[in-house]
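Presented below is the structure to which this report refers.
The values are calculated or read from the model by the stated rules, or taken from the named source; none is laboratory data. None of these values were measured; they are calculated from a predicted model. As a convention, Cβ positions derive from the backbone with ideal geometry for all residues, glycine included, and neighbour counts pool all protein chains shown. Each accessible area value is taken on the protein alone, full model and side chains, heavy atoms only, with ligands, DNA and RNA left out. Shrake-Rupley method; radii C 1.70, N 1.55, O 1.52, S 1.80 Å.
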Amino acid sequence: MRPRSLGRGLLWAVALITTSSAAFPAPPGSDDVSRVGSDDVEALGRREAARMAAGRVEVSVSASADVGSRQFKYSDPVGPLPVTYLLPIAPMASLGLEMYPWASSNVPVLRDLGFRGRISQGFAVSSETPQGVTIETSWTRFGGEVRQRFFVLGPHAMELGVYVGADASYFGMKSAIPIPALLPAAQTTAVRLGFDARLLVTGRLSLLWGGAYLLTISPGEIYDRFRRPSVFGVDGELGAAFGIVPGLEARLTIRYTRYVASFKPVIGDQIVAGGALDEQLQFGLGVRYAH
């Protein structure tokens, strides 16, 4: 009798579950919601595949070990020529970040509008006067831009970019004892207007180059020692990138920055020069990961 009662109980439970499912059907439109969500995921996947096939980077990070140098010299002196400053070698480390927040969208212009930033820091840097006095020296370079990119497809694909942003070179110099010579310390900031390009040479090797005009908005302390200084700069970059694995590449870069200054001296000024030239050179070897 017990087994038959147990079987009848199971039959009643199945019937109750079936009746409950019929009495409480699935919410209307639930299948439509699932289908819409699936369509969105598929559309995003297609856009991502198209972005990667076209070489549209969404975000990239870079790091490099650099060597920098700086020379500051004067022109057209009246009287004794101010001493030229030379820093032949300065170890530096650099970091860079580039982002295109709308790279996966279908908007033609917005998907190629991005932001780029970089910073380079010198370390273990010191200077010395001809008399052997040590000068505590620091060097930091940083900047950022808004960049619009364009693509030229083909066997030697090219990416072109135009940008506007800010650039700064902070060169600090301090000494424990007074020094009669002029120290070319300067926190120079400028608006940076320029272009850059990347050309695919082979399957893994690409060439990099670019140039910019530096509209100086704050020349720096050294220029305050002269009458009515006018300062502008130019910037140039060359490099090569070699692909290691998809998304990861090794880079060799060279950057040359040149600030040109002119002064308006008058008779009686303590220090007289017609102008000055500030040249900064930076070599870098590093890696870049892009997605």
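Of note:
- Residues (more than 19 Å from Asp66 (Cα to Cα) and under 17 Å from the mean Cα position of the chain (by Cα)) located in the stretch 214-246: Leu214
- Verdict on Thr188 being hydroxyl-bearing (Ser, Thr, Tyr), modelled with pLDDT of 95 or more and more than 27 Å from Pro108 (Cα to Cα): yes
- Selection within the stretch 221-243 - touching a strand residue (DSSP E or B) at 6+ places or on another chain (Cβ under 6 Å) and either open to solvent by 30 Å² or more (accessible area, probe 1.4 Å) or β-branched (Val, Ile, Thr) (or both): Glu221, Ile222, Pro229, Ser230, Val231, Phe232, Val234, Glu237, Leu238, Ala240, Phe242
- Matching residues in the stretch 272-290 - criterion: being among the aliphatic types (A, V, I, L, M) and out of contact with any Lys or Arg (no Cβ under 6 Å at 6 or more places or on another chain): Val272, Ala273, Ala276, Leu281, Leu285, Val287, Ala290
- Residues of the stretch 254-291 that are in contact with a Gly (Cβ under 9 Å, 6 or more places away or on another chain), in a loop (DSSP other than H, G, I, E, B) and open to solvent by less than 70 Å² (accessible area, probe 1.4 Å): Phe263, Pro265, Ile271, Val272.
- In the stretch 71-121, the qualifying residues are those that are farther than 23 Å from His291 by Cα and part of a loop (DSSP other than H, G, I, E, B), and the one that is least open to solvent (accessible area, probe 1.4 Å) is Pro82.
- Among the residues of the stretch 240-261, the ones that are touching an Asp or Glu at 6+ places or on another chain (Cβ under 9 Å) and within 30 Å of Gly220 (Cβ to Cβ) come to 9 in all.
- Residue match in the stretch 213-235 (condition: of a type in the set (A, V, I, L, M, F, W, C) and farther than 21 Å from Glu279 by Cα): no
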